[in-house]
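Report on the following structure.
The values are calculated or read from the model by the stated rules, or taken from the named source; none is laboratory data. As the structure is a computational prediction, the values presented were derived from the model and not from experiment. Ideal geometry is used to build each Cβ from the backbone, glycine not excepted, and the neighbour counts take in all protein chains shown. Side chains are part of the model used for accessible areas, which takes the heavy atoms of the whole protein and leaves out ligands, DNA and RNA. Shrake-Rupley method; radii C 1.70, N 1.55, O 1.52, S 1.80 Å.
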Amino acid sequence: MSAVSAEAVTAGAVRPGSDSRPRSGGDGAAPLAPRAKLLPALAAVYRAQLSRARVARIPLLFVATFQSVGIMIMMRGVVDGGDEARAVVAGSSVLVVAFVALNLLAQYFGQLRASGGLDHYATLPVPPAAVVLGAAAAYASFTVPGTAVTAVVGSALFGLPMAHLWVLAAVVPLSGAALAGLGAALGLLAPRQELATLCGQLGMSAALLLGVLPAAHMPAPIAYARDLLPSTYGVEALARSFDARPDWAVVAADLGVCAAVGVVSLAVATWAYRRAAVR
């Protein structure tokens, strides 16, 4: 048997026609894909969340709508009309937004954090803001039909004009953004899933008590707490639209507060997502 030198073995290891060029990086590892941009990633997360939650959340949307309509029917026995009727209808309409965007989103992110689902999103090449904004937008989208039905039924029940219900086109997304950001932040910052659920339900209860009940009958401390709730300004904007001649400057100011709170709350939710994803 003839001995084969190490040089011959090394030379024979490279077959003719094979690619012996070093790969990118010099260690044989393939380069990572570039990070997705915000808007395409946001659209992808939105579509995924919308299709995922469509079957599971539609029954809860019916519950939120029936709950708001039932509250208006109950309040019809003690409220005849005027400013109180406007407050009841506007508060019940925005309550649908609070039920889905605040309560359910807090539960969703709390469950996602407890089950380790955030690890899946952390491995994707998408910005954290796209995950938070996509989920918030998907949940807020479910509130549009229920809010419109509640506003129309309430207007007919209390005899309020419907000429300016187009204001819902601004009230729903701006109130939804503020409440969805708050719900996501509560779900991501809560140390336990049960606490996230509790915080979401307490927030929805606050939207119910402080938004539906007429502000004129509230004690001063509770009225101050009402001013701190983001949904209050959406309620006020919608309630003013029932006037014969709405003060559009005040309506725009209320919607501006909703928009500002929405930007802040979504920024806090994005920071909370980064904080929870790295733990």
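Some notes on this structure:
- Subset tally (residues that are of a type in the set (S, T, N, Q), at pLDDT 85 or above and open to solvent by 40 Å² or more (accessible area, probe 1.4 Å)) for the stretch 111-152: 1
Okay, residues lined up against (1) assigned to a helix (DSSP H, G or I); (2) touching a Cys at 6+ places or on another chain (Cβ under 7 Å):
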position: Pro221; (1), (2): yes, no
position: Arg226; (1), (2): yes, no
position: Tyr233; (1), (2): yes, yes
position: Pro246; (1), (2): no, no
position: Gly256; (1), (2): yes, no
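- Residue match in the stretch 62-84 (condition: open to solvent by 60 Å² or more (accessible area, probe 1.4 Å), among the aromatic types (Phe, Trp, Tyr) and farther than 20 Å from Phe158 by Cβ): yes
- Residue within the stretch 230-243 that is more than 15 Å from Val94 (Cα to Cα) and either in contact with a helix residue (DSSP H, G or I) (Cβ under 6 Å, 6 or more places away or on another chain) or surrounded by fewer than 18 Cβ atoms within 10 Å (Cβ to Cβ) (or both) present: yes
- Of all residues in the stretch 250-273, those that are under 19 Å from Leu133 (Cα atoms), aliphatic (A, V, I, L, M) and open to solvent by less than 20 Å² (accessible area, probe 1.4 Å) total 2.
- Of all the numbered requirements in (1) closer than 26 Å to Val149 by Cβ; (2) surrounded by fewer than 14 Cβ atoms within 10 Å (Cβ to Cβ); (3) modelled with pLDDT under 90, Val278 misses one, and that requirement is (1).
- Pairs with Cβ under 9 Å, 6+ apart, first in the stretch 182-196 and crowded, with 17+ Cβ neighbours inside 10 Å, second among the basic types (Lys, Arg) and modelled with pLDDT under 90: Gly187/Arg113; Leu188/Arg113; Leu188/Arg275; Leu189/Arg275; Ala190/Arg113; Gln193/Arg113; Ala196/Arg113
- Condition met for Trp271 (aromatic (Phe, Trp, Tyr) and farther than 30 Å from Gln193 by Cα): no
- Any hit, the stretch 37-44, residues being closer than 24 Å to Leu182 by Cα, of a type in the set (A, V, I, L, M, F, W, C), modelled with pLDDT of 75 or more and in contact with a Ser or Thr (Cβ under 8 Å, 6 or more places away or on another chain): no
- Residue within the stretch 161-175 that is within 21 Å of Ile58 (Cα to Cα) and not hydrophobic (A, V, I, L, M, F, W, C) present: yes
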